[in-house]
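Since every read-out is calculated from the coordinates, none of them should be taken as a lab result. These numbers come from a predicted model, not from an experiment. No Cβ is skipped: glycine too gets one built from the backbone with ideal geometry, and neighbour counts run over all protein chains shown.
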Amino acid sequence: MVHLEAGKRDQRMILEKNNYGIVSVILVLLCACSVISCGNQDRKKAAVPAPQEDLILGFSQIGAESAWRMCNTRSVQEAAAGSGIQLLFANAEQKQENQIKAIRSFIAYQVDVIAFVPIVADGWDNVLLEAKEAGIPVLVTDRKITTADESLFAGFIGTDSIQEGREAGLFLLEKFRTRLAAGGTAPITVVELSGTEGSSAALGRAKGFREVIDAHPAFRIVESISGDFLRSKGYEIMQGILSKNRNIDVVFSHNDGMTLGILDAMQEKGIKPGKDIVIVTIDAEQAALDALRAGKVNCVIECNPKTGPAIMDLAKRLAAGEAIPRLLHVEESVFTEGDDLSAVGPRGY
Ligand code: GYE
């Protein structure tokens, strides 16, 4: 037995007493949890709907890579608070393995519903099967997954990335209508800054864009590089491209975050974005609308981050054992340089 000075002994006693206190609290909590989760488990096994007033939603978010993402997070958190739903929120800091860990902890905690934003499309079947076996319905939000078993999730709410890509292509057909009609030999050179590799947002935007411009051989994509939806990478990549090639007609950027970095890099090189080079971007953050008004970008395609209230409504329906629509695409607009933007209010992100 280590001999301690009086003071220390008293302290240790207190600690031990406290330890005992803490230990007993933890024990009670564990019992409570196991009772709750047993209760939840039994209720789920018996497919008895969760009482709405104490609905627990586990939400796995990707991270905080853009103003868009942070608005999406706020929308979810505010909507949960506003509808009395207990939200277990996990920020995965851009890592799929963290999302899988978070979903597993939601299953262990026996939440009533799980919702998540899949950072990439592939690799979810195992953990979603675990949720299914635990009787917990899963809602996929914002980005889509690819799966061999569609029954692993109850439904999707979010953006139609393919349509966003098409809108970008359609704007360019209009913008270069005269040049296309003239049928000149000089290609219209396009640089694409794409989003997170393997994400449905990047895959869809790239696919929709090519669906439109591939029908017009005058367009030539000379570079397509992932900037991971980050402003810093948008800046770096554009700096690199401009140091070796200035013969660029168009930049198609998969999100406003990267676009803001691109504008910085261009202006540093004395290039006038929106004039010397046509810029098409997606998200419709406030900064992008401001750049459109200032003539620094030519087309902004909205991607709506404010899905919180709809997610809470779907979570309640799932917890009540109701079926939900398999696919819900949110309403989105397109803003172009020719539009009267005076009626467009503050974006909130
Ligand atoms: O466009 C971008 C964010 O998943 C649709 O992710 C979303 C995208 C959005 O980083 O800003």
Q. Say a paramagnetic label sat at a point 7 Å from the Cα of residue 207, along Cα to Cβ; which residues of the stretch 149-169 have their backbone N under 17 Å from it?
A. 149-150, 156-169
Q: Note down, for the stretch 204-344, the three equivalent ellipsoid semi-axes (square root of 5 times each alpha carbon gyration tensor eigenvalue), biggest first, whole angstrom.
A: 33, 17, 15
Q. What is the fewest-to-most order of 332, 167 by other Cβ atoms lying within 10 Å of their Cβ?
A. 332, 167
(Q) Based only on other Cβ atoms within 10 Å, what is the fewest-to-most ordering of 349, 109? (A) 109, 349
Q. In whole Å, what is the distance between the alpha-carbon centres of the stretch 134-167 and the stretch 236-273?
A. 32 Å
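If you average 1/r over all unlike Cα pairs in the stretch 218-260 and invert the result, what Kirkwood radius do you get in angstrom?
On the way: mean 1/r = 0.0922 Å⁻¹.
Radius from the Kirkwood sum: 10.8 Å.
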Q: Convert each backbone phi in the stretch 147-157 into a coupling constant with the Karplus relation 6.51 cos²θ - 1.76 cosθ + 1.60 (shift: θ = phi - 60°), then list the ³J(HN,Hα) values in order as whole Hz, x for Gly and Pro.
A: 9, 7, 9, 4, 6, 6, 9, 7, x, 10, 10
Q. Which residues' amide hydrogens lie under 5 Å from the amide hydrogen of residue 144, considering only partners 5 or more residues apart or on another chain, with H built in the peptide plane?
A. 200, 201
Q: Evaluate 2.2 N^0.38 Å with N set to the residue count of the stretch 69-219, then give the Cα radius of gyration divided by it.
A: 1.34
Q. Tell me, what HN-Hα J-couplings in whole Hz come from the Karplus equation 6.51 cos²θ - 1.76 cosθ + 1.60 at θ = phi - 60° for each residue of the stretch 90-101, using x for Gly and Pro?
A. 10, 9, 7, 6, 6, 10, 4, 4, 5, 5, 5, 4
Q. Where a ≥ b ≥ c are the square roots of the eigenvalues of the C-alpha gyration tensor, would you call the stretch 152-253 rounded, which needs a/c under 1.5, or, failing that, prolate if a/b is larger than b/c, or oblate?
A. oblate
Q) Hey, what did the stretch 71-176 get for relative contact order, percent, Cα under 8 Å, at least 6 apart? A) 19 percent
Q: State the three equivalent ellipsoid semi-axes of the stretch 288-336, derived from the C-alpha gyration tensor as the square roots of 5 times its eigenvalues, in descending order and whole Å.
A: 35, 10, 5
Q: Towards the positive end of the charge dipole of the stretch 223-305, with charges on Cβ (+1 Lys, Arg; -1 Asp, Glu), say which of 255, 265, 227 has the farthest Cα.
A: 265
Q | Within the stretch 68-137: Cβ-based charge dipole about Cα centre, in debye rounded to nearest 20 (Lys, Arg +1; Asp, Glu -1) | A | 200 debye
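In whole percent, what relative contact order does the stretch 77-133 give with Cα contacts below 8 Å and a gap of six or more residues?
Working: 27 pairs, mean separation 16.8, N = 57.
29 percent.
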Q. When the Karplus curve 6.51 cos²θ - 1.76 cosθ + 1.60 is applied with θ = phi - 60°, which whole-Hz ³J(HN,Hα) does each residue of the stretch 118-124 get, with x for Gly and Pro?
A. x, 4, 10, 7, 9, x, 10
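Among 85, 162, 311, 271, what is the fewest-to-most ranking by other Cβ atoms within 10 Å? Spell out each step's value before the answer.
On the way: 85 23, 162 19, 311 26, 271 16.
Ranked by crowding around the Cβ, least crowded first: 271, 162, 85, 311.
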